[in-house]
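Structure provided below as C-alpha coordinates; questions to follow.
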Amino acid sequence: MISTDLVVCGAGPAGLMGALLCGEYGIRVTLVDSNLKPGRKLLVSGSGKCNVSNTASLDRFCASYGQKSRFVKSCLSAFGPDSLRDFFERRGLPLVEAHDGKLFPETMCASDVLDVLYGSCMTTRVGKGFSRSVESIEVAGEGNSRHFVCTTSREVYHCSCVLMATGGCSWPTTGSDGSGISLAASLGHTIVTPRPALAPVYPRSYDAASCSGLACEQCEVSLWRNGRKILKRCGDVLFTHRGLSGPGILDISRYIDRGDRITLNLVSLPDESAADTRLRDACAASPKKNVKNIVTSLGVAESLAVIVLARSGCAPDCAASDLPKNVRKQLAKNLVSLEFEVDHTGGFSEAMATAGGIHTDEVIPSTMESRLVKGLFFAGEVLDVDGDTGGYNIHFALASARAAAQEIFRRIHGEI
(Lines give C-alpha, C1' and ligand atoms only; values in the text may rest on other atoms or scores of the structure.)
Protein backbone atom coordinates (compact mmCIF):
# COMPACT_ATOMS: atom_id res chain seq x y z
CA MET A 1 0.00 0.00 0.00
CA ILE A 2 1.36 3.43 -1.02
CA SER A 3 0.09 6.63 0.62
CA THR A 4 -0.20 9.84 -1.41
CA ASP A 5 -2.36 12.96 -1.50
CA LEU A 6 -3.56 12.67 -5.09
CA VAL A 7 -3.66 9.99 -7.74
CA VAL A 8 -3.94 11.34 -11.29
CA CYS A 9 -5.27 8.72 -13.69
CA GLY A 10 -4.01 9.41 -17.22
CA ALA A 11 -0.88 11.12 -18.54
CA GLY A 12 -2.36 13.05 -21.45
CA PRO A 13 -2.56 16.86 -21.46
CA ALA A 14 -5.26 17.00 -18.77
CA GLY A 15 -3.50 14.57 -16.45
CA LEU A 16 -0.08 16.17 -16.92
CA MET A 17 -1.48 19.65 -16.32
CA GLY A 18 -3.26 18.56 -13.16
CA ALA A 19 -0.21 16.69 -11.88
CA LEU A 20 2.29 19.46 -12.53
CA LEU A 21 0.13 22.20 -10.97
CA CYS A 22 -0.63 20.12 -7.89
CA GLY A 23 3.07 19.27 -7.68
CA GLU A 24 3.90 22.98 -7.80
CA TYR A 25 1.35 23.54 -5.04
CA GLY A 26 3.30 21.12 -2.83
CA ILE A 27 0.81 18.25 -3.03
CA ARG A 28 2.09 14.67 -3.06
CA VAL A 29 1.03 13.46 -6.50
CA THR A 30 1.23 10.08 -8.18
CA LEU A 31 0.64 10.03 -11.95
CA VAL A 32 -0.59 6.67 -13.28
CA ASP A 33 -0.93 5.68 -16.95
CA SER A 34 -1.26 2.40 -18.83
CA ASN A 35 1.27 3.46 -21.46
CA LEU A 36 5.03 3.11 -21.13
CA LYS A 37 5.47 6.85 -21.78
CA PRO A 38 3.21 9.91 -21.31
CA GLY A 39 1.36 11.94 -23.93
CA ARG A 40 1.07 9.42 -26.78
CA LYS A 41 -2.09 11.00 -28.19
CA LEU A 42 -0.75 14.52 -27.62
CA LEU A 43 2.27 13.73 -29.79
CA VAL A 44 0.13 12.96 -32.84
CA SER A 45 -2.32 15.84 -32.40
CA GLY A 46 -2.40 18.47 -35.12
CA SER A 47 -0.36 16.20 -37.40
CA GLY A 48 2.44 16.36 -34.85
CA LYS A 49 2.30 20.15 -34.54
CA CYS A 50 -0.16 20.26 -31.61
CA ASN A 51 -2.77 23.01 -31.97
CA VAL A 52 -3.12 23.80 -28.24
CA SER A 53 -5.65 26.63 -28.30
CA ASN A 54 -7.34 29.39 -30.28
CA THR A 55 -7.48 33.18 -30.04
CA ALA A 56 -11.29 33.22 -30.44
CA SER A 57 -13.40 35.38 -28.15
CA LEU A 58 -14.86 33.78 -25.03
CA ASP A 59 -18.31 33.59 -26.65
CA ARG A 60 -16.92 31.88 -29.76
CA PHE A 61 -14.77 29.63 -27.61
CA CYS A 62 -17.71 28.45 -25.55
CA ALA A 63 -19.94 28.08 -28.63
CA SER A 64 -17.47 25.60 -30.12
CA TYR A 65 -18.59 23.06 -27.50
CA GLY A 66 -22.21 23.09 -28.66
CA GLN A 67 -24.70 22.26 -25.92
CA LYS A 68 -21.89 22.23 -23.33
CA SER A 69 -21.13 25.94 -23.79
CA ARG A 70 -22.54 26.85 -20.37
CA PHE A 71 -20.67 24.06 -18.60
CA VAL A 72 -17.25 25.06 -19.96
CA LYS A 73 -17.62 28.82 -19.49
CA SER A 74 -16.41 28.92 -15.89
CA CYS A 75 -13.07 27.19 -16.43
CA LEU A 76 -12.48 28.95 -19.76
CA SER A 77 -13.17 32.36 -18.21
CA ALA A 78 -10.56 31.62 -15.56
CA PHE A 79 -7.99 30.22 -17.99
CA GLY A 80 -8.40 31.56 -21.52
CA PRO A 81 -5.99 31.77 -24.47
CA ASP A 82 -3.95 34.62 -22.96
CA SER A 83 -3.49 32.68 -19.72
CA LEU A 84 -2.48 29.56 -21.62
CA ARG A 85 0.01 31.55 -23.69
CA ASP A 86 1.51 32.95 -20.51
CA PHE A 87 1.68 29.46 -18.98
CA PHE A 88 3.78 28.10 -21.84
CA GLU A 89 5.88 31.23 -22.35
CA ARG A 90 6.88 31.26 -18.66
CA ARG A 91 8.13 27.73 -19.23
CA GLY A 92 10.14 28.65 -22.31
CA LEU A 93 7.75 27.73 -25.13
CA PRO A 94 6.13 30.71 -26.92
CA LEU A 95 2.93 30.11 -28.86
CA VAL A 96 2.26 31.53 -32.32
CA GLU A 97 -1.01 32.26 -34.07
CA ALA A 98 -1.75 30.55 -37.38
CA HIS A 99 -4.75 30.26 -39.71
CA ASP A 100 -8.19 30.86 -38.10
CA GLY A 101 -6.68 31.93 -34.78
CA LYS A 102 -5.14 28.53 -34.06
CA LEU A 103 -2.32 28.62 -31.50
CA PHE A 104 0.67 26.33 -31.98
CA PRO A 105 4.01 26.03 -30.22
CA GLU A 106 6.52 28.30 -31.93
CA THR A 107 8.52 25.22 -32.87
CA MET A 108 5.48 23.58 -34.50
CA CYS A 109 6.44 20.43 -32.62
CA ALA A 110 4.05 18.54 -30.31
CA SER A 111 6.97 16.97 -28.45
CA ASP A 112 7.92 20.41 -27.15
CA VAL A 113 4.46 20.82 -25.63
CA LEU A 114 4.88 17.42 -23.98
CA ASP A 115 8.35 18.39 -22.76
CA VAL A 116 6.90 21.43 -20.98
CA LEU A 117 4.07 19.50 -19.35
CA TYR A 118 6.00 16.37 -18.41
CA GLY A 119 9.21 18.27 -17.65
CA SER A 120 7.36 20.37 -15.09
CA CYS A 121 6.08 17.16 -13.49
CA MET A 122 9.66 15.93 -13.22
CA THR A 123 10.78 19.23 -11.67
CA THR A 124 8.13 19.02 -8.97
CA ARG A 125 8.96 15.36 -8.30
CA VAL A 126 5.57 13.99 -9.19
CA GLY A 127 5.53 10.26 -8.56
CA LYS A 128 5.08 8.22 -11.71
CA GLY A 129 3.52 4.86 -12.32
CA PHE A 130 3.60 4.01 -16.04
CA SER A 131 2.74 0.70 -17.74
CA ARG A 132 0.05 0.04 -15.17
CA SER A 133 -3.69 0.42 -15.50
CA VAL A 134 -6.09 1.49 -12.76
CA GLU A 135 -8.31 -1.51 -12.17
CA SER A 136 -10.61 -0.11 -9.49
CA ILE A 137 -11.29 2.94 -7.34
CA GLU A 138 -13.14 2.57 -4.07
CA VAL A 139 -14.10 4.90 -1.24
CA ALA A 140 -13.01 3.68 2.22
CA GLY A 141 -13.35 4.99 5.77
CA GLU A 142 -15.58 7.69 7.17
CA GLY A 143 -15.24 11.25 8.43
CA ASN A 144 -11.63 12.44 8.68
CA SER A 145 -10.37 8.98 7.77
CA ARG A 146 -12.32 8.85 4.50
CA HIS A 147 -10.03 8.17 1.52
CA PHE A 148 -9.80 6.49 -1.87
CA VAL A 149 -8.25 3.12 -2.55
CA CYS A 150 -6.89 3.00 -6.11
CA THR A 151 -5.86 -0.46 -7.20
CA THR A 152 -3.60 -0.72 -10.25
CA SER A 153 -2.19 -3.75 -12.01
CA ARG A 154 0.93 -3.37 -9.84
CA GLU A 155 0.22 -1.35 -6.66
CA VAL A 156 -2.50 -0.11 -4.36
CA TYR A 157 -2.62 3.62 -3.53
CA HIS A 158 -4.43 5.30 -0.65
CA CYS A 159 -5.14 8.97 -1.34
CA SER A 160 -7.32 11.94 -0.38
CA CYS A 161 -8.30 12.88 -3.91
CA VAL A 162 -8.44 11.36 -7.39
CA LEU A 163 -8.22 13.24 -10.70
CA MET A 164 -9.69 11.19 -13.53
CA ALA A 165 -8.06 12.35 -16.80
CA THR A 166 -8.00 9.15 -18.84
CA GLY A 167 -9.41 10.63 -22.05
CA GLY A 168 -12.20 9.26 -24.20
CA CYS A 169 -12.27 6.42 -26.72
CA SER A 170 -10.78 7.97 -29.87
CA TRP A 171 -7.45 6.71 -31.22
CA PRO A 172 -7.45 3.69 -28.84
CA THR A 173 -3.97 2.67 -30.02
CA THR A 174 -2.65 5.65 -28.03
CA GLY A 175 -4.19 4.27 -24.83
CA SER A 176 -7.41 6.26 -25.02
CA ASP A 177 -9.66 3.26 -24.44
CA GLY A 178 -12.53 4.57 -22.28
CA SER A 179 -11.33 2.82 -19.12
CA GLY A 180 -11.78 5.94 -17.00
CA ILE A 181 -15.38 6.23 -18.10
CA SER A 182 -16.02 2.72 -16.79
CA LEU A 183 -14.33 3.59 -13.48
CA ALA A 184 -16.55 6.64 -13.09
CA ALA A 185 -19.60 4.48 -13.74
CA SER A 186 -18.48 2.09 -10.98
CA LEU A 187 -18.54 5.06 -8.59
CA GLY A 188 -22.14 5.85 -9.50
CA HIS A 189 -21.75 8.35 -12.32
CA THR A 190 -24.13 8.45 -15.28
CA ILE A 191 -22.42 7.86 -18.62
CA VAL A 192 -23.52 9.39 -21.90
CA THR A 193 -22.74 6.66 -24.44
CA PRO A 194 -19.40 7.53 -26.09
CA ARG A 195 -19.40 8.05 -29.84
CA PRO A 196 -16.85 9.33 -32.37
CA ALA A 197 -16.51 13.11 -32.83
CA LEU A 198 -14.42 15.10 -35.30
CA ALA A 199 -14.63 12.18 -37.69
CA PRO A 200 -14.70 11.94 -41.51
CA VAL A 201 -18.00 11.23 -43.27
CA TYR A 202 -18.54 8.39 -45.73
CA PRO A 203 -21.46 8.91 -48.14
CA ARG A 204 -23.48 6.26 -49.89
CA SER A 205 -22.72 5.81 -53.59
CA TYR A 206 -19.80 8.23 -53.33
CA ASP A 207 -18.99 9.59 -56.79
CA ALA A 208 -16.24 12.11 -56.01
CA ALA A 209 -13.22 9.83 -55.48
CA SER A 210 -11.60 11.51 -58.50
CA CYS A 211 -11.51 14.72 -56.44
CA SER A 212 -9.36 13.14 -53.72
CA GLY A 213 -7.05 15.75 -52.20
CA LEU A 214 -9.19 18.68 -53.32
CA ALA A 215 -10.03 21.24 -50.63
CA CYS A 216 -12.90 23.72 -50.87
CA GLU A 217 -12.05 26.65 -48.62
CA GLN A 218 -14.70 28.18 -46.36
CA CYS A 219 -17.47 26.11 -47.88
CA GLU A 220 -21.00 26.42 -46.54
CA VAL A 221 -22.01 22.99 -45.22
CA SER A 222 -25.62 22.15 -44.30
CA LEU A 223 -26.92 19.07 -42.52
CA TRP A 224 -30.41 17.81 -43.35
CA ARG A 225 -32.61 15.23 -41.63
CA ASN A 226 -36.04 14.16 -42.88
CA GLY A 227 -36.13 17.10 -45.28
CA ARG A 228 -35.33 19.66 -42.56
CA LYS A 229 -32.10 21.62 -42.24
CA ILE A 230 -30.82 21.03 -38.70
CA LEU A 231 -27.59 23.04 -38.83
CA LYS A 232 -25.30 25.04 -41.06
CA ARG A 233 -21.58 25.64 -40.72
CA CYS A 234 -18.83 27.22 -42.79
CA GLY A 235 -15.38 25.68 -43.04
CA ASP A 236 -12.85 23.99 -45.28
CA VAL A 237 -14.06 20.72 -46.84
CA LEU A 238 -11.61 18.08 -48.03
CA PHE A 239 -12.56 15.45 -50.59
CA THR A 240 -10.89 12.08 -50.02
CA HIS A 241 -10.91 8.86 -52.02
CA ARG A 242 -13.65 7.49 -49.73
CA GLY A 243 -15.61 10.52 -48.54
CA LEU A 244 -15.53 13.97 -46.97
CA SER A 245 -13.29 15.46 -44.32
CA GLY A 246 -11.77 18.80 -43.32
CA PRO A 247 -12.90 21.13 -40.50
CA GLY A 248 -16.24 21.95 -42.15
CA ILE A 249 -17.17 18.25 -42.03
CA LEU A 250 -15.38 17.19 -38.85
CA ASP A 251 -17.09 19.88 -36.76
CA ILE A 252 -20.59 18.64 -37.66
CA SER A 253 -19.80 14.92 -37.57
CA ARG A 254 -20.90 14.54 -33.92
CA TYR A 255 -24.43 15.56 -34.93
CA ILE A 256 -24.73 13.21 -37.91
CA ASP A 257 -26.92 10.11 -38.09
CA ARG A 258 -26.93 7.49 -40.80
CA GLY A 259 -29.23 8.54 -43.63
CA ASP A 260 -28.75 12.28 -43.04
CA ARG A 261 -27.88 14.41 -46.03
CA ILE A 262 -25.03 16.92 -46.35
CA THR A 263 -25.11 19.71 -48.91
CA LEU A 264 -22.16 21.84 -49.99
CA ASN A 265 -22.45 25.35 -51.42
CA LEU A 266 -19.60 25.42 -53.92
CA VAL A 267 -20.02 28.96 -55.20
CA SER A 268 -20.86 31.09 -52.14
CA LEU A 269 -24.12 32.28 -53.65
CA PRO A 270 -27.22 32.65 -51.47
CA ASP A 271 -29.57 30.29 -53.30
CA GLU A 272 -30.44 28.38 -56.45
CA SER A 273 -32.03 31.44 -58.09
CA ALA A 274 -28.84 33.49 -57.69
CA ALA A 275 -26.76 30.64 -59.10
CA ASP A 276 -29.11 30.27 -62.08
CA THR A 277 -28.86 33.99 -62.81
CA ARG A 278 -25.07 33.81 -62.65
CA LEU A 279 -25.01 30.84 -65.02
CA ARG A 280 -27.45 32.43 -67.45
CA ASP A 281 -25.43 35.65 -67.59
CA ALA A 282 -22.13 33.77 -68.00
CA CYS A 283 -23.54 31.65 -70.82
CA ALA A 284 -24.94 34.73 -72.58
CA ALA A 285 -21.59 36.52 -72.28
CA SER A 286 -19.59 33.55 -73.62
CA PRO A 287 -21.94 31.42 -75.78
CA LYS A 288 -19.09 29.49 -77.44
CA LYS A 289 -17.50 28.42 -74.16
CA ASN A 290 -18.16 24.90 -73.00
CA VAL A 291 -20.17 24.61 -69.83
CA LYS A 292 -17.30 23.06 -67.86
CA ASN A 293 -15.28 26.23 -68.36
CA ILE A 294 -18.28 28.30 -67.34
CA VAL A 295 -18.51 26.36 -64.08
CA THR A 296 -14.77 26.57 -63.35
CA SER A 297 -14.95 30.34 -63.94
CA LEU A 298 -17.27 30.44 -60.90
CA GLY A 299 -14.47 29.09 -58.71
CA VAL A 300 -15.19 25.35 -58.89
CA ALA A 301 -12.17 23.11 -59.42
CA GLU A 302 -12.16 21.24 -62.73
CA SER A 303 -12.31 17.75 -61.18
CA LEU A 304 -15.31 18.77 -59.07
CA ALA A 305 -16.95 20.59 -61.99
CA VAL A 306 -16.98 17.30 -63.89
CA ILE A 307 -18.87 15.65 -61.00
CA VAL A 308 -21.38 18.50 -60.76
CA LEU A 309 -22.03 18.42 -64.51
CA ALA A 310 -22.52 14.65 -64.52
CA ARG A 311 -25.09 14.92 -61.73
CA SER A 312 -26.84 17.66 -63.66
CA GLY A 313 -27.08 15.62 -66.84
CA CYS A 314 -24.75 17.90 -68.78
CA ALA A 315 -21.78 16.88 -70.92
CA PRO A 316 -18.61 18.83 -70.02
CA ASP A 317 -18.07 19.88 -73.65
CA CYS A 318 -21.62 21.16 -74.12
CA ALA A 319 -21.53 24.69 -75.56
CA ALA A 320 -22.98 27.38 -73.33
CA SER A 321 -25.38 28.41 -76.07
CA ASP A 322 -26.73 24.83 -76.20
CA LEU A 323 -27.36 24.45 -72.46
CA PRO A 324 -31.07 23.62 -71.95
CA LYS A 325 -32.93 25.68 -69.38
CA ASN A 326 -33.93 22.67 -67.28
CA VAL A 327 -30.34 21.39 -67.19
CA ARG A 328 -29.08 24.87 -66.31
CA LYS A 329 -31.48 25.03 -63.38
CA GLN A 330 -30.39 21.59 -62.16
CA LEU A 331 -26.78 22.69 -62.47
CA ALA A 332 -27.55 25.83 -60.47
CA LYS A 333 -29.13 23.70 -57.74
CA ASN A 334 -26.10 21.40 -57.55
CA LEU A 335 -23.69 24.33 -57.38
CA VAL A 336 -25.31 25.71 -54.22
CA SER A 337 -26.36 22.40 -52.67
CA LEU A 338 -24.27 19.48 -53.89
CA GLU A 339 -25.81 16.63 -51.92
CA PHE A 340 -24.31 13.56 -50.26
CA GLU A 341 -26.33 10.97 -48.34
CA VAL A 342 -24.47 9.75 -45.26
CA ASP A 343 -23.79 6.06 -44.91
CA HIS A 344 -21.65 6.38 -41.78
CA THR A 345 -19.02 8.46 -40.04
CA GLY A 346 -15.53 7.30 -39.17
CA GLY A 347 -15.12 5.18 -36.04
CA PHE A 348 -13.01 5.73 -32.95
CA SER A 349 -9.86 4.70 -34.82
CA GLU A 350 -10.29 7.73 -37.11
CA ALA A 351 -12.08 10.24 -34.86
CA MET A 352 -10.01 13.01 -33.31
CA ALA A 353 -12.24 13.28 -30.25
CA THR A 354 -14.96 11.52 -28.29
CA ALA A 355 -18.50 12.78 -27.76
CA GLY A 356 -20.17 11.37 -24.67
CA GLY A 357 -18.60 10.36 -21.40
CA ILE A 358 -19.30 11.37 -17.80
CA HIS A 359 -22.55 13.35 -17.58
CA THR A 360 -21.71 16.99 -16.85
CA ASP A 361 -24.83 17.48 -14.71
CA GLU A 362 -22.99 15.41 -12.08
CA VAL A 363 -19.86 17.62 -12.13
CA ILE A 364 -19.35 21.10 -10.62
CA PRO A 365 -18.21 23.24 -13.59
CA SER A 366 -16.06 25.70 -11.61
CA THR A 367 -14.02 22.99 -9.87
CA MET A 368 -14.57 19.83 -11.95
CA GLU A 369 -15.40 17.94 -8.75
CA SER A 370 -17.97 15.17 -8.73
CA ARG A 371 -21.31 16.15 -7.23
CA LEU A 372 -21.71 12.51 -6.19
CA VAL A 373 -18.31 11.59 -4.71
CA LYS A 374 -16.44 14.20 -2.70
CA GLY A 375 -12.75 14.34 -3.63
CA LEU A 376 -13.23 12.83 -7.10
CA PHE A 377 -12.35 15.19 -9.95
CA PHE A 378 -12.49 15.00 -13.74
CA ALA A 379 -10.65 16.79 -16.55
CA GLY A 380 -10.60 16.67 -20.33
CA GLU A 381 -12.14 14.21 -22.73
CA VAL A 382 -13.36 11.76 -20.09
CA LEU A 383 -16.25 14.22 -19.63
CA ASP A 384 -19.16 14.57 -22.03
CA VAL A 385 -17.52 17.65 -23.57
CA ASP A 386 -16.16 17.89 -27.10
CA GLY A 387 -15.30 20.97 -29.13
CA ASP A 388 -14.73 21.91 -32.75
CA THR A 389 -11.39 21.58 -34.49
CA GLY A 390 -9.00 24.44 -33.90
CA GLY A 391 -7.40 23.82 -30.50
CA TYR A 392 -10.58 23.82 -28.43
CA ASN A 393 -10.31 20.25 -27.12
CA ILE A 394 -6.73 20.48 -25.87
CA HIS A 395 -7.45 23.86 -24.34
CA PHE A 396 -10.42 22.46 -22.43
CA ALA A 397 -8.27 19.57 -21.20
CA LEU A 398 -5.73 22.03 -19.78
CA ALA A 399 -8.28 24.52 -18.41
CA SER A 400 -10.43 21.87 -16.73
CA ALA A 401 -7.32 20.30 -15.16
CA ARG A 402 -6.29 23.70 -13.79
CA ALA A 403 -9.74 24.21 -12.25
CA ALA A 404 -9.51 20.78 -10.63
CA ALA A 405 -5.95 21.37 -9.38
CA GLN A 406 -6.90 24.60 -7.66
CA GLU A 407 -9.81 22.97 -5.83
CA ILE A 408 -7.65 19.98 -4.88
CA PHE A 409 -5.15 22.39 -3.32
CA ARG A 410 -7.92 24.12 -1.37
CA ARG A 411 -9.17 20.74 -0.19
CA ILE A 412 -5.77 19.57 1.02
CA HIS A 413 -3.91 22.73 2.10
CA GLY A 414 -6.39 25.62 2.21
CA GLU A 415 -6.74 28.67 -0.01
CA ILE A 416 -4.21 29.37 -2.80
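The values are calculated or read from the model by the stated rules, or taken from the named source; none is laboratory data. On a predicted model such as this, the values are computed, not experimentally measured, just so you know. Every residue, glycine among them, receives a Cβ derived from its backbone with ideal geometry; neighbour counts consider all protein chains shown. To get the accessible areas, we keep the full protein, side chains included, count just its heavy atoms, and leave off ligands, DNA and RNA. Shrake-Rupley method; radii C 1.70, N 1.55, O 1.52, S 1.80 Å.
Run the paramagnetic zone check for residue 204: 7 angstrom along Cα to Cβ, then residues of the stretch 332-348 with backbone nitrogen under 12 Å.
What the label zone holds, given the 12 Å backbone N cut-off, is 340-344.
Here is a further query. Could you tell me the extents of the stretch 296-361's C-alpha atoms along the three principal axes, largest first, rounded to whole Å?
Taking max minus min along each principal axis of the Cα atoms, the stretch 296-361 gives 61, 22, 21 Å.
Would you mind listing how long the stretch 44-106 runs along its three principal axes, going by Cα atoms, in whole Å with the largest first?
Each principal axis gives a Cα extent; for the stretch 44-106 these are 33, 25, 19 Å.
Gain in length, residue 225 to residue 255, computed as 0.36 nm per residue apart minus the alpha-carbon separation, to one decimal in nm?
Working: separation 30, 0.36 × 30 = 10.80 nm, distance 1.06 nm.
Extra length from residue 225 to residue 255 when fully extended: 9.7 nm.
For the Cα atoms of the chain, what angle does the longest principal axis make with the long axis of helix 13-24, in degrees from 0 to 90, nearest 10?
Approximately 30 degrees, to the nearest 10.
Starting from the alpha-carbon convex hull of the stretch 1-81, give the projected area averaged over all orientations, in nm². Walk me through the intermediate numbers first.
On the way: hull surface 29.3 nm².
Taking a quarter of the hull surface, the average projection is 7.3 nm².
A follow-up question, please. In nm, what is the difference between 0.36 nm times the number of residues separating residue 277 and residue 91 and their Cα-Cα distance? Walk me through the numbers on the way to the answer.
Numbers: separation 186, 0.36 × 186 = 66.96 nm, distance 5.75 nm.
Full extension from residue 277 to residue 91 adds 61.2 nm.
Using the scaling law 2.2 N^0.38 Å as the reference, what is the normalised Cα Rg of the stretch 282-409?
Values: Rg = 26.0 Å, N = 128, 2.2 N^0.38 = 13.9 Å.
Its radius of gyration relative to the 2.2 N^0.38 Å reference: 1.87.
Let me ask you something else. Top to bottom by accessible area (1.4 Å), largest first, where do 124, 190, 30 land?
Largest accessible area first, the list is 190, 124, 30.
Oh, and also: In the chain, once you exclude exposed GluC sites (Glu not before Pro) (DSSP loop, at most 11 other Cβ within 10 angstrom), what's the longest stretch remaining? Let's see the in-between values first.
Numbers: sites that count: 142, 415.
It runs 143-414.
Can you give the accessible area of residue 160 in Å² (nearest 10), computed on protein heavy atoms with a 1.4 Å probe?
60 Å²
Additional query: Would you mind checking the stretch 52-90 for residues with the amide N under 19 Å from a putative spin-label position 7 Å along Cα→C-beta of residue 371?
67-76
A further question follows. Taking the Kirkwood radius as the inverse of the mean 1/r across Cα pairs, report the Rg/Rh of the chain.
On the way: Rg = 25.1 Å, Rh = 23.1 Å.
Ratio of gyration radius to Kirkwood radius: 1.09.
Just the accessible area for residue 99, please: 1.4 Å probe, Å², rounded to the nearest 10?
110 Å²
Could you list log10 I(q)/I(0) for the stretch 61-205 at q = 0.11, 0.14 Å⁻¹, which the Debye formula gives when each Cα is one point scatterer?
-0.66, -1.07
Add -39500 (n - 2.57) for each DSSP H run of 4 or more in the chain, then divide by its residues: what number comes out at 222 nm, to the nearest 500 deg cm²/dmol?
On the way: 13 runs with 133 residues, N = 416.
Per the formula, -9500 deg cm²/dmol.
Could you work out how much longer the chain between residue 191 and residue 111 gets when fully extended? Use 0.36 nm per residue separation minus the Cα distance between them, nm to one decimal. Present the calculation step by step, with values, prior to reporting the outcome.
Working: separation 80, 0.36 × 80 = 28.80 nm, distance 3.23 nm.
Here the segment from residue 191 to residue 111 would lengthen by 25.6 nm.
Using only Cα atoms, tell me the angle between helix 302-312 and the longest principal axis of the chain; keep it within 0 to 90° and round to the nearest 10.
70 degrees
In 10 Å bins starting at zero, report the fraction of Cα pairs in the stretch 268-328 per bin as a rounded %.
Calculated P(r), rounded to whole percents: 24, 63, 13.
Accessible area of the chain with a 1.4 Å probe: how many percent of it is carbon plus sulfur? Intermediate values should be presented prior to the final figure.
Numbers: 8320 of 17510 Å².
Accessible surface attributable to carbon and sulfur in the chain totals 48 percent.
Just to make sure I understand: if all protein chains stay in place, what is the order of 62, 234 by accessible area at 1.4 Å, largest first? Spell out each step's value before the answer.
On the way: 62 10, 234 85 Å².
Descending accessible area places them as 234, 62.
Here is a further query. For the residue pair residue 36 and residue 350, what label-to-label distance in nm results when each label sits 7 Å from Cα along the Cα-to-beta-carbon direction?
3.0 nm
Taking just the C-alpha trace of the stretch 171-213, give me its Rg and Dmax in Å.
17.1, 51
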